[in-house]
Amino acid sequence: MDLSEYIKVCQSKEVYSFTWDELLGSIDKPASALKKELTYLTAKKEIIALRQNFYLIIPPRYATQGKLPIQLYVHKLFVYLNRRYYLGGYSAAKFHGAAHQQIQKEYVITEKPALLPISKEGTIIKFISLSNWPKSNILKKKSDAGYFNVSDPILTITDLIYHQTKFGGLNRILANIEELLEEVNQADLESLLKWYPHTSVLQRLGYLIEFIEPESNLLKTIYDFLNNGRFYPVLLDINAKNKPGSVDNRWKVDVNIKLESDI
């Protein structure tokens with residue numbers, strides 16, 4: 001069996017990626033010969049060397065785009081890297097029906113240490129590393145290639161708020177938050193509040209929900225949770241260098257940006 005035949009076998013099993021070790025174990029050829037075949041098929045854009053010793057298969061139906069949907073390989077990639085992960089931010093939002101942003105890059109949340117971003121043949125992946133790994137609110141969704149991890153709607157929203165500068169600022173994420181709120185249920189919010197470590201994000205979350213949907217039944221749950229402890233004034237837009245000033249809302253959020261949703 002040569003590499004082209006191996007790839008056909010993979011595709012017949014809905015497998016869209018492979019590692020160098022898998023290749024060595026499946027094809028009885030010298031490593032030097034396999035590397036030549038990899039170089040040839042990479043030049044033909046039938047394969048992408050995504051990371052060292054990790055390769056993507058680009059089947060004919062994705063040849064025009066020149067890249068694979070991330071859900072077809074992300075789980076296998078992180079098994080290979082031996083890291084916890086989930087699709088987050090805009091990448092998660094599209095799986096919950098909030099595809100407001102036509103994203104050109106994918107966002108993967110992972111544990112530390114940080115991973116360098118990937119930019120290969122139109123495949124762009126940004127990694128965001130966390131110190132505090134979520135205790136819940138990560139879902140398993142099914143693709144043609146198997147299961148993959150993705151944040152639920154409420155964790156997706158809090159990630160967008162916490163990492164707002166990485167996602168283009170509050171006004172860019174506001175429409176996504178608006179759409180994601182339609183998918184948030186009380187149980188998921190209560191689950192998040194049991195472990196979520198960033199009080200300032202919950203304050204911003206409460207303010208933004210009240211701005212978007214003043215009658216939301218989520219508001220009381222968030223405010224009661226905050227009111228059971230201490231919380232202090234915070235800026236809504238964390239990109240500003242000044243400190244919070246006077247606040248005139250129950251969330252103690254200094255609204256230092258004009259909010260404009262483009263929905």
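Key figures
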quantity: Failed criterion for LEU218 (all others in (1) under 22 Å from ASP152 (Cα atoms); (2) over 25 Å from the mean Cα position of the chain (by Cα); (3) crowded, with 17+ Cβ neighbours inside 10 Å hold); calculated: (2)
quantity: Residue ID - surrounded by the most Cβ atoms within 10 Å (Cβ to Cβ), chosen from residues in segment 49-66 that are in contact with a Phe, Trp or Tyr (Cβ under 7 Å, 6 or more places away or on another chain) and touching a residue at least 40 places away in the same chain (Cβ under 8 Å); calculated: LEU56
quantity: Qualifying residue in segment 208-221 (condition: farther than 22 Å from PHE167 by Cα, at pLDDT 95 or above, of a type in the set (Gly, Ala, Ser) and assigned by TED's automatic domain parsing to the domain that holds ILE138); calculated: yes
quantity: Qualifying positions in segment 174-199 - assigned to a helix (DSSP H, G or I) and within 18 Å of VAL150 (Cα to Cα); calculated: ASN176, ILE177, GLU179, LEU180, LEU181, GLU182, GLU183, ALA187, ASP188, LEU189, SER191, LEU192
quantity: Helices (runs of 4 or more DSSP H) fully within segment 1-48 counting 1 or more residues that are touching a residue at least 60 places away in the same chain (Cβ under 8 Å); calculated: none
quantity: Only one of TYR86, TYR107 that is crowded, with 18+ Cβ neighbours inside 10 Å, out of contact with any Gly (no Cβ under 9 Å at 6 or more places or on another chain) and in a strand (DSSP E or B); calculated: TYR86
quantity: Criterion (closer than 21 Å to LYS67 by Cα, crowded, with 18+ Cβ neighbours inside 10 Å, not assigned by TED's automatic domain parsing to the domain that holds VAL15 and not β-branched (Val, Ile, Thr)) met by exactly one of ASN149, ASN137, ASN176; calculated: ASN149
quantity: Hits in segment 194-247 (condition: among the aromatic types (Phe, Trp, Tyr) and in contact with a helix residue (DSSP H, G or I) (Cβ under 8 Å, 6 or more places away or on another chain)); calculated: TYR196, TYR223, PHE225, PHE231
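The values are calculated or read from the model by the stated rules, or taken from the named source; none is laboratory data. Since this is a predicted model, take the numbers as computed values, not measurements. Here Cβ is always computed from backbone atoms with ideal geometry, including for glycine, and neighbour counts include all displayed protein chains.
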